[in-house]
Each structure stands twice: as structure tokens, then as C-alpha cells.
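Okay, so here's the structure we're looking at.
Please treat every number below as a calculation from the coordinates, not as lab data. Computed from a predicted structure; not experimentally measured. FYI the Cβ positions are ideal-geometry reconstructions off the backbone, even for glycines, and counts take in every protein chain you see.
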Amino acid sequence: MENIGALSILLAFCLAVFSVAAAVTGKYARRPFLVVSAERAVYATWALLTAASAILITALIQGDYRLAYVESHSNRAMSGVYKFTAWWGGQEGSLLFWSWILATYSAIVVYTNRRKFREMMPLVVAIMMATLAFFIGMITFVASPFQVLTIGGRGIIDVGDGNGLSPLLQWWTMAIHPPMLYLGYVGFTVPFAFAMASLLTKQRGEAWIHTTRRWAIVTWLFQSTGILLGMGWAYTVLGWGGYWGWDPVENASLMPWITATAFLHSVMMQEKKGMMKVWNMVLVSATFLLSILGTTLTRTGLVSSVHAFAQSPVKPYFTSFILTATALTTMAIVSNLKYLRSEVKLESVVSRESSFLFNNLILLASCFAVLWGTLFPVIMEAITGEKETIDAPYYNRVNVPIALFLIFLTGVGPLIAWRKSSLSSLRRAFLIPAVSGLVVVVGLLAGGIHDIAPLISFGLCAFVLATILSEFWKGSYAIHLKEKLSLPRAAFELTWRNTRRYGGYLVHMGVVIMFIGFTGSAFNLHETRSIGLNQRVRFGRYEVRLLNVNEGENSNYAFNHATLSVFEDGREIDQLEPEIRLYKSSQQQASMVGIRRRLNEDLYVNFSGISPDNTKAIFQMYVFPLVSWIWIGYWVLLSGTIICLIPGKVRLQYARTEVVGIATAPATVES
């Protein structure tokens, strides 16, 4: 079967290359049959990659340990779920998974646009399939998942068992986290392809924006979900108590999210005002290129990370690809700048238009700070030959002020009028939000909190929440008075009429709630304690008693399991059961932490081991205030994003918009 899998990948590579050549030739030689042939090659490529993926998954589940990939990432003791997730658990399999997702996206794009955008579609197909051809080329010629184990040039018949996945990956979130990130990374290729095709064909209007807005939102949501799942995994599995360590690969997932966020904001300016066209082209291109950079950092061993693969032969190919893609994209934008001129000019600094501009500038400053911190060690090692490191304090010093300013802009934007705002209108709009923020700050000061950064953060969060709630209140109350609906029904009607606007407000609310959770980290507690059997120790406002420590094993790992009783004010309130696991096949250790989750704080205990004299167990104990609000904020963000994707009840047609290449009436856009 491995020969069929390898042949499927080789044929998929040939078809991807053919699709690029046929699409470009058909476009410029005016041969429609070649364009159609290129689109059909997209479907065939997807079918071949699906077949190859099915063969690899079958080998992983059935335990065909003749394959080097299966032997390295699966074993008999693993559950079926983790055998399946081993598909993307290693270098070669993850590249196949990446390719399969892009092939799936490409097939969907071709099918849904088979009668639209005929001027652009050949180049859309060419760009997407050129990217796909590169990734398929990696698994065809450089890192094949169907490589058979050999000794002395001869294939091995049976190795008995495999090494299995890394223990850190044998956790439920890791069955979801990588696919979500890949769906985000890969999905950003679609708006990039449409943007470049629109630019190269000099399309009038914003056809590419209307076509790819939903793609951009959905892939942004996938990326957001992947990042949050990764944070939850780090918090629960790694045992150090944090959820974000400014690891290079964490940064790699964050950077395209930042530029995609900026793009989703500024794209509204092009839709409504004909402004920020250069911004949008740069942002959508940067998002795609940063996605490729993130993939490069993860797969080439360019940076050291718990998330990254080791050094591999794909490094020079990925480096060449990203440099070539950056150069070609820059040339395309610079040579077509005259087609990206704004239709109107910014009239006032105090306007909603300017708030979008400032939002973009701050987001890009944040992205550059993260990019510089991530690549600086790589650059210095290349120049000096010595390894440099940039630690979390650098990122916090730079990004905390940027984040606070972004929160401020999130609250300011809805309060400022389009074009120009008067002083009296600003005074009326800012009164309630400003008072709300001030009241929170004064209350916290009275409660004994005097650190400047948390005070500013909590005050700004209150300011933004008051802004969003007042926007919902004003609109809902107007509908309540006019149509005699109850306030909850009026709020539902308001949101349904303008899903983009009010769904966006909910997304902002989710981000603010998450920032409340982030701010709680300023008050974290941490102690390492050694506890004897039935001994009680005090930690913060809790008392912790060790009830027992049990040893055991199963077919996959051996474990030490501790049971702790938690007391508050002399009353038992919970029991925690942290555990240490030693996986047999890999001889790697992993921790299962005990967490008592509450809205105000989490009590978090990691079992570190047994003391040298075997009389006490060692525990790392933490208190994390407000951390649950990070996960709550995500659910609000998810709800708001889904609402944004639902067509609004009221549709507005922008007179300035031209959609080229559709043989129907002009497209409409939700308000």
C-alpha cells in the first residue's frame, strides 16, 4: 500500500504543476479549455491526496511499522484517537495534512466560483496550486511519509512495535489544536490568492473582498480557536502553570492572527469608503507570508521550541520558498500601486476612519515587535555563530503598552462619528464609558490594588464594555419604543438586522473579557512545597493535605498518582489528583496537573516527584486569579464571529462598489 500512497502523492504533484501551467497559459493565451482543465486538475489533486492520507491513516491505526513514519509516531498501546492524530504528529505526516487541507480549500473555491470571476479565477487557481505544488513537492521528494525502514538497503519486515507519539501530544486538545491552526494557516491562502489575482488583472471595485470576506473570517476563527486550544494545552499539560510563554512557535501562530485582525478591520474601510486599498493588499499578503513563515519555523528546526520539529532536510526549500514568495508579492504590489489609490481622503484625525488607521498601525507595531523578537536570535546566530535568546520580559515590556492602547481604541471606535466628530458629540459619547472606567479604577484602589498596569487594564476593560453595552442599549431601546417589543427581543432584532456590526461588538467584548483574565496574571501566587503523608500545609488562603500517593501502570505508561484534599477556613472544599506519567515506549515523562477552576481564581497543583529520602512528595502550587475568564472570553468571541457570518436581515448596497466578472446584478453586502 505504501507504493500506492507514494504514487498518489507523485501524481498529485504532477497535476498541481500542470494546473498552474494550464491556468496561466489558458488565461493569457485565451484558451478557455486549458482553464477548465486546470480547474479539473484541482479536483483530481484533492482526490489523490485524500487517497494518500487514507492509506497513511490506515497504516497508523493498523500498526504497519515497516513505515518509518508509523514506527516513529504510533505504537500498539496508544488509543485509536491518538493513532489518528499521529497523522499530523510528525514532520512528514503534517506536511501531507497541510497539503490535503489546501487541496480541499482549492477544490471548494473552484467549485463555488465555477461561474463567477472568470477573469480572476485562472490566476486564483494558479496561485493556490503553486503553493500546493511546493508542499506536495516536499512530501514527494524530500520528506515522504511512505518511506520504508531499511537495514543495509533492505526493507524491514517487522519491528514489533513503534515509539508512539510524544507524551505531550497525547492529550485531547492536541487532537484539535493542530488541525485548527492548520485550517487557519492554510485558509489564509484563499484571500491572498483572490487579492493577488484581482491586482494582477486590474479588477475594478472590491469583488475579491466580497468573495473572500467569509473565508477571512472563518480562517481567522480557526486560527483564534487553535491559539486558544494551544493555550489551554500548555496550561493543563506542561505543568508550569502558564498559558503563553512567548515561545517562537507560539509567536508564529500569533503573527498572522494579528495581521488578519488588522485586515478584517481595515477591509471595511475599502468596502464603505474606498480607502486603505494599499493597506488591505499589504495586510492580506503579510498574513499569507507569515503563515508560511510559521510553518517554516515549526518544520525546519530554525528555532528551538517544545512545539517545533527537529532539524530536517526541508529547511533550505522552505527558506527559498518564503523568500521567493515575498519578493514576487512585493513586486506585484509596487508595480500596481496606481490601481490601489484611495477614492477619498481622510478628512479629520478625530474620526472613525482615523481610528481604523491607528488600529492598523498599532497592530502592525505589535506584529513587528513579535517578529523581531522571534527572528533576532536566528539572525544573530547566523552572523556571530552564537545562540542568543529573547525572553518573555522583552515581549511583555513591548506588547503590554501596545495591548492597552488597542483596548482603548476598541472602546473609542464606536464613539467617534464617520468623517469628523465635534467636541460636543465626543463629550456626550464618552461620558458614560469614561465614568464607568473611572469608577472601576477608584474601586480597585479602595480595595488595595495599586499597581499601575492592572489598574489601567481593568479601567480600560470597563470603558470598552460600557461602550459596547451602551451601543446595544441605544439600538435595542429604540426598537423597543418603535415596535413595542420586549428589550430582549429588541436586542435580538437589532443584532439580526446588522449582524456584522453587532456580531463584531460581541467579538470585541470577548477579547475584552479575555484581557480581564490576562490582567489577573499580575496577582499570581507560586510556591514549591514538600508534603508528607497526611501532612497539612498552608498556601495562600488554602490548606492542602496529602492523602496518598499510589503507583501503577498500564500498557502505555507507568504513573505516580497523588490525592490532595483542599481546605478553606477549615472546611474541605475539593480534592485534586495530580499525576506523573512515564511513557514506556519513549521513556519520556509527562504531568497531569490538578486544577480547581473557579471564576475568581484557579488553584493549580503540579506533582513534581518524590524527595530523595522517599518521605515526602514535592508539589508546585499556584493560584491564578481570573484565568477562567480567558476561556469564557473565547466563547463570547466564538459567538460573535458566528453571528458575523450570518447574513443580516437588512442589506445595504454600496453604490460605489463594482463587481466584475459576474453575469448577474451587482452584489450586495450585509450592512
Worksheet item: Label points 7 Å out from Cα along the Cβ direction at THR563 and SER37: separation in nm?
Response: 7.2 nm
Item to complete: Normalising by the residue count of region 490-587, find the relative contact order in percent from Cα pairs under 8 Å and 6+ residues apart.
Response: 16 percent
Worksheet item: From the backbone phi of region 322-338, what are the Karplus-calculated ³J(HN,Hα) couplings (6.51 cos²θ - 1.76 cosθ + 1.60, θ = phi - 60°) in whole Hz, Gly and Pro given as x?
Response: 5, 5, 5, 4, 5, 5, 5, 5, 4, 4, 5, 6, 5, 6, 10, 4, 5
Worksheet item: To the nearest 0.05, what FRET efficiency results for SER555 and ILE618 with a Förster distance of 25 Å applied to their C-beta separation?
Response: 0.35
Worksheet item: Order of MET1, MET231, MET621 from fewest to most other C-beta atoms within 10 Å?
Response: MET1, MET231, MET621
Worksheet item: Karplus couplings for region 247-264 from phi (6.51 cos²θ - 1.76 cosθ + 1.60, θ = phi - 60°), rounded to Hz, Gly and Pro as x?
Response: 5, x, 6, 4, 4, 5, 7, 6, 4, x, 5, 5, 5, 5, 4, 4, 4, 5
Fill in: Listed residues LEU328, ALA22, PHE318: farthest to the positive end of the dipole of the chain (Cβ charges)
ALA22
Discussion item. Given the DSSP H assignment, sum -39500 (n - 2.57) over each helix run of at least 4 residues in the chain and divide by its residue total; what's the result at 222 nm in deg cm²/dmol, nearest 500?
Written reply: -20500 deg cm²/dmol
Worksheet entry | Length gained when the stretch GLU471-LEU361 is fully extended (0.36 nm per residue, less Cα-Cα span) | 37.1 nm
Worksheet entry | Highest-first arrangement of 448-458, 511-521, where packing means the average Cβ count within 10 Å | 511-521, 448-458
Practice prompt. Evaluate E = 1/(1 + (r/R0)^6) for PHE492 and PHE405, where r is the Cβ-Cβ distance and R0 equals 22 Å; express this FRET efficiency to the nearest 0.05.
Written response: 0.10
Worksheet entry | Charge dipole magnitude, Cβ of K and R +1, D and E -1 - region 75-123, Cα centre, debye nearest 20 | 240 debye
Fill in: Cα convex hull of region 1-86 - mean projected area over all directions, nm²
6.0 nm²
Response to the item:
SER335 and LEU7 label points (each 7 Å along its Cα→Cβ direction) are spaced in nm at 4.1 nm
Item to complete: Neighbouring Cβ atoms within 10 Å as the yardstick, rank THR330, THR389 fewest first.
Response: THR389, THR330
Worksheet item: In terms of modelled amide H atoms, which long-range or inter-chain residues lie less than 5 Å from the amide H of GLN588?
Response: TYR583
Worksheet item: In percent, what relative contact order does the chain have, based on Cα pairs under 8 Å that are 6 or more apart in sequence?
Response: 11 percent
Worksheet entry | Packing rank of 24-37, 284-297, where each peptide gets the mean count of other beta carbons within 10 Å, highest leading | 284-297, 24-37
Worksheet item: Magnitude of the Cβ-charge dipole of region 561-652, K/R +1 and D/E -1, about the Cα centre, nearest 20 debye?
Response: 600 debye
Worksheet, complete the sentence: Hull volume per residue for region 1-165, using the convex hull of the C-alpha atoms, in Å³ is 98 Å³
Response to the item:
A correct fewest-to-most ranking of ILE643, ILE4, ILE209 by other Cβ atoms within 10 Å would be ILE4, ILE643, ILE209
Worksheet, complete the sentence: Rounded to two decimals, the Debye log10 I(q)/I(0) of region 170-418 (Cα scatterers, no solvent) at q = 0.12, 0.14, 0.16 Å⁻¹ is -0.75, -1.01, -1.27
Worksheet, complete the sentence: Sorted by chain and number, the residues with a modelled amide H under 5 Å from that of GLU601, at a separation of 5 or more or across chains, are LEU626
Worksheet item: Using the C-alpha gyration tensor of the chain, what are the square roots of 5 times its eigenvalues, in whole angstrom, with the largest one first?
Response: 42, 39, 21
Discussion item. Suppose the chain between ILE108 and ARG541 were pulled fully straight at 0.36 nm per residue; how much longer would it get relative to their current alpha carbon spacing?
Written reply: 150.3 nm
Worksheet item: Taking 0.36 nm per residue of separation and subtracting the Cα-Cα distance, what length does fully extending VAL81 through VAL278 add?
Response: 66.4 nm
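Dipole magnitude of the chain about its Cα centre, charges +1 at Lys/Arg Cβ and -1 at Asp/Glu Cβ only, in debye to the nearest 20?
On the way: 53 positive and 38 negative charges, 624 e Å.
Roughly 3000 debye, rounded to the nearest 20.
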Discussion item. From the Cα trace of region 422-497, what convex hull volume per residue do you get, rounded to a whole Å³?
Written reply: 125 Å³
Fill in: By average C-beta atoms within 10 angstrom, highest first, the peptides 608-616, 543-551, 379-387, 398-406
398-406, 543-551, 608-616, 379-387
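If a/c stays under 1.5 just call it rounded; otherwise compare a/b with b/c (prolate if a/b is bigger, oblate if not). Do that for region 577-624, with a ≥ b ≥ c from the square roots of the Cα gyration tensor eigenvalues.
Details: a/c = 3.76, a/b = 1.54, b/c = 2.44.
Judged from the Cα gyration tensor, region 577-624 comes out oblate (a/c at least 1.5, b/c at or above a/b).
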Fill in: Residue (of SER72, PHE97, VAL110) at the positive-pole extreme of region 63-117, dipole from beta-carbon charges
VAL110
Worksheet item: Looking at this model, which pairs from LYS315/LYS387; LYS272/LYS474; LYS27/LYS277; LYS116/LYS273; LYS273/LYS345 are more than 20 angstrom apart at the alpha-carbon?
Response: LYS272/LYS474; LYS27/LYS277; LYS116/LYS273
Discussion item. Modelling each spin label as a point 7 Å along the Cα-to-Cβ direction, I'd like the SER320/ALA478 distance in nm, to one decimal.
Written reply: 5.9 nm
Worksheet, complete the sentence: Any residue on another chain or 5+ positions along whose placed amide H is under 5 Å from the amide H of ASP574 is listed here as VAL566
Worksheet entry | Karplus-derived HN-Hα couplings along region 378-385 (A = 6.51, B = -1.76, C = 1.60, θ = phi - 60°), whole Hz, x at Gly and Pro | 5, 5, 5, 5, 5, 7, 9, x
